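Comments concern the structure below.
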Amino acid sequence: MTPQHIKFFKELSKNDVHIAGGKGASLGEMTRAGIPVPPGFVLTRAAFDRFLEETDLDVEVEAELRKVNYKDVNSVDKASNVIRDLIHDERMPKDLQKEILGAYKKLKAKDVAVRSSATAEDSSQASWAGELETYLNTTEKNLIGNVKKCWSSLFTPRAIVYRNEKGMRKSKVSVAVVVQAMVQAEIAGVMFTVHPVTKDHNQMIIEAVWGLGEVLVGGQITPDSYVVDKRDWSLIDVTVAPQEKILIQNPSTSSGQGKGGNAWVRGPKANVDKQKLSGKEIVAIAKLGKTIEAHYGLPEDIEWVYLKKKFYIVQSRPITTL
């Protein structure tokens, strides 16, 4: 029997946003549809809600939020720090810890990506993309700590302000946590199945970087950019951006020292000015994007990774800006 706080991707569908958040529900939906998604599970919102109730943190969090003066940045920062520390310092209930570590062992993946998945996410009311935190290359040693960091990222200054701006201070926002087998990407990127700038439905845009894709989310690296015509897969535009440094798994982790996390390294000289994806690879990922778009019946914003000649999808959500 699967424990009540854990749902593996294959047990979830797009209708499970209320328990798994937008990210978790989407990964479940794509897994069921046969899209190549690295395996994983979701620690449902019930786990976070229970953690808050059992430790009485829900009362303390509420009290801190009531003190916030939204016109004062320092007031927001102070509340965020207090709440995050409270969550960080509280012990995870033993049986919950056991469930999480048991599910992790079932994955048979040494390193995992731990991602927050807000249960109000990607609804028509609000999109939490980019508001919450992700921890790549998490090891067994820091898994529980990173789950708690994902929980507490519901209370970053940005998230507190965002909830206020969206008029959601009174509504119940919770957070699920996605734990997914880590793919040590040689290349990673994003893909918009409708051109987000020109809004042309016949064009999709693909962006690519060497190494892990977190650098794109953070805007730290300028990616290659490829515009593809969805009708005949022709390349309309190719822009190659030089990239000297790449984000990879912390070398001490891969050599078994167990430190976890990521590290910046200088990429091979030969790759600095090289186009990240070949024409053939661009078409392959574009076709996968079109399949996902057709499945959802909506323009999608997709995160992908590439390792050993294979593409994997690590996230897909509706484009909210069209």
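The values are calculated or read from the model by the stated rules, or taken from the named source; none is laboratory data. Quick caveat: nothing in here was measured; it's all calculated off a predicted structure. Because the Cβ atoms are built from the backbone with ideal geometry, glycine has one as well, and the counts that use them run over all protein chains shown.
I'd like the residue in region 248-291 that is part of a helix (DSSP H, G or I) and under 27 Å from Thr139 (Cβ atoms) and, out of all such residues, is modelled with the lowest pLDDT. For region 248-291, the residue satisfying everything is Ser254. Quick check, is Asp95 part of a helix (DSSP H, G or I), of a type outside the set (Ser, Thr, Tyr) and over 20 Å from Tyr135 (Cα atoms)? For Asp95, the condition - part of a helix (DSSP H, G or I), of a type outside the set (Ser, Thr, Tyr) and over 20 Å from Tyr135 (Cα atoms) - is met.
Any chance you could count how many residues in region 215-238 are among the charged types (D, E, K, R) and surrounded by 19 or more Cβ atoms within 10 Å (Cβ to Cβ)? Step through it out loud before you land on a result.
First, pick out the residues of region 215-238 that are among the charged types (D, E, K, R): 224, 229-232, 237.
Of the ones still in play, those that are also surrounded by 19 or more Cβ atoms within 10 Å (Cβ to Cβ) are 224, 230.
Looking only at that region, the number is 2.
Total residues in region 46-65 satisfying the condition of being crowded, with 16+ Cβ neighbours inside 10 Å and not in a helix (DSSP H, G or I): the figure is 1.
Taking the criterion of being farther than 17 Å from Gln97 by Cβ and at pLDDT 95 or above, no residue of region 141-159 qualifies.
Take the residues in region 168-210 that are part of a loop (DSSP other than H, G, I, E, B), in contact (Cβ under 8 Å) with a residue 60 or more places away in the chain and not aliphatic (A, V, I, L, M), then tell me which one is surrounded by the most Cβ atoms within 10 Å (Cβ to Cβ). Talk me through it step by step, then tell me what you get.
Taking region 168-210 and keeping what is part of a loop (DSSP other than H, G, I, E, B), we get 168-174, 182-186, 193-202.
Still in the list and also in contact (Cβ under 8 Å) with a residue 60 or more places away in the chain: 169, 174, 182-186, 193-194, 196, 199, 201.
Right, trim to not aliphatic (A, V, I, L, M) and you get 169, 174, 184, 186, 193, 196, 199, 201.
Numbers: Arg169: 14, Ser174: 20, Gln184: 15, Glu186: 17, Thr193: 27, Pro196: 16, Lys199: 12, His201: 13.
By that ranking, first place goes to Thr193.
The condition (being in the same structural domain as Asn142 (by TED's automatic domain parsing), more than 22 Å from Lys149 (Cβ to Cβ), within 24 Å of the chain's Cα centre (by Cα) and of a type in the set (A, V, I, L, M, F, W, C)) is satisfied by just one residue among Ala33, Ala25: Ala33.
Given the criteria surrounded by 15 or more Cβ atoms within 10 Å (Cβ to Cβ) and in contact (Cβ under 8 Å) with a residue 24 or more places away in the chain, does His295 qualify?
Numbers: surrounded by 15 or more Cβ atoms within 10 Å (Cβ to Cβ): yes; in contact (Cβ under 8 Å) with a residue 24 or more places away in the chain: yes.
Judged against the criteria, His295 is a match.
Residue count for region 1-30 satisfying the condition of being closer than 17 Å to Ser316 by Cα, touching a Phe, Trp or Tyr at 6+ places or on another chain (Cβ under 6 Å) and touching a residue at least 24 places away in the same chain (Cβ under 8 Å): 1. Would you please list the contacts, defined by Cβ atoms under 6 Å and residues six or more apart or on different chains, that run from a residue in region 71-92 that is within 21 Å of Asn142 (Cβ to Cβ) and in the same structural domain as Asn142 (by TED's automatic domain parsing) to a residue that is of a type outside the set (A, V, I, L, M, F, W, C) and exposed (fewer than 15 other Cβ atoms within 10 Å of the Cβ)? From region 71-92, no pairs qualify. A single member of Val68, Val82 is more than 24 Å from the chain's Cα centre (by Cα), under 25 Å from Gly167 (Cβ atoms) and not in a helix (DSSP H, G or I), and it is Val68. Listed by first and then second residue, the pairs with beta-carbon distance under 8 Å, at least 6 apart or on different chains, first residue in region 220-232 and closer than 22 Å to His201 by Cβ and of a type outside the set (Ser, Thr, Tyr), second in a strand (DSSP E or B) and at pLDDT below 95, form an empty list.
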